[in-house]
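Quick note: the coordinates plus some simple rules give every number you see, no bench work behind them. Treat the numbers as computed from the prediction; the structure is a model and nothing was measured. Reconstructed Cβ throughout: ideal geometry from the backbone, glycine too, with neighbour counts over all protein chains shown.
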Amino acid sequence: MITTRTQPHPFDAAAETAALTTGRTDIGAIVTFTGLVRDVALTLEHYPTMTNRQLAAIAAEALTRWPGIAGTVIHRFGTLAPGDPIVLVAIASAHRAAAFEAAEFLMDWLKTRAPFWKHEAGAGWVAAKSSDDEAAARWDKP
């Protein structure tokens, strides 16, 4: 199972990891990724129903590809300052390869398929990067 959620307030990566692993003896690897806001404040907007549905679909796809994983995905919204945590992907697995691959897959898909709109302070709306699309495209291959 991979839980997903959006929230305006900061998350505690250590507490989320502990919750993911408590009582589990089948886990041999945990991979965590915390994304931070760079350089300039961002305001993230989204439509909760659409976003939550898409996050669940991304998580379901990861479980199809790596059936033995468990995880947590948190994406923040609202106004965030430079250095603030914006996204957490925590994946637990019996083996490290699946944990690394699933975490990378989730981040690539979050960057390209999660419906968030980013507005950079003083610069306007942030356009999607072709490098993010290229990174996500590798997961389209069988």
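Data overview
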| read-out | value |
| --- | --- |
| Peptides 77-90, 41-54, 20-33, 103-116 ordered by average Cβ neighbours within 10 Å, highest first | 103-116, 77-90, 41-54, 20-33 |
| Cut-off 11 Å (backbone N to label point 7 Å along Cα→Cβ of I27), residues of the stretch 52-78 | 70-72 |
| Gyration tensor verdict on the stretch 22-70 (Cα atoms; rounded if a/c is under 1.5, prolate if a/b is larger than b/c, oblate otherwise) | oblate |
| Shape of the stretch 1-93, Cα gyration tensor, a/c cut at 1.5 | oblate |
| Karplus-derived HN-Hα couplings along the stretch 77-91 (A = 6.51, B = -1.76, C = 1.60, θ = phi - 60°), whole Hz, x at Gly and Pro | 9, x, 8, 10, 8, x, x, 5, x, 10, 8, 10, 10, 10, 10 |
| Modelled label reach - H95, point 7 Å along Cα→Cβ, the stretch 1-40 residues with backbone N closer than 18 Å | 26-31 |
| Extension gain (nm, one decimal) between A14 and W139, 0.36 nm per residue minus Cα-Cα | 42.2 nm |
| Simple spin-label estimate for D39 and E120 in nanometres, 7 Å along Cα-Cβ | 0.5 |
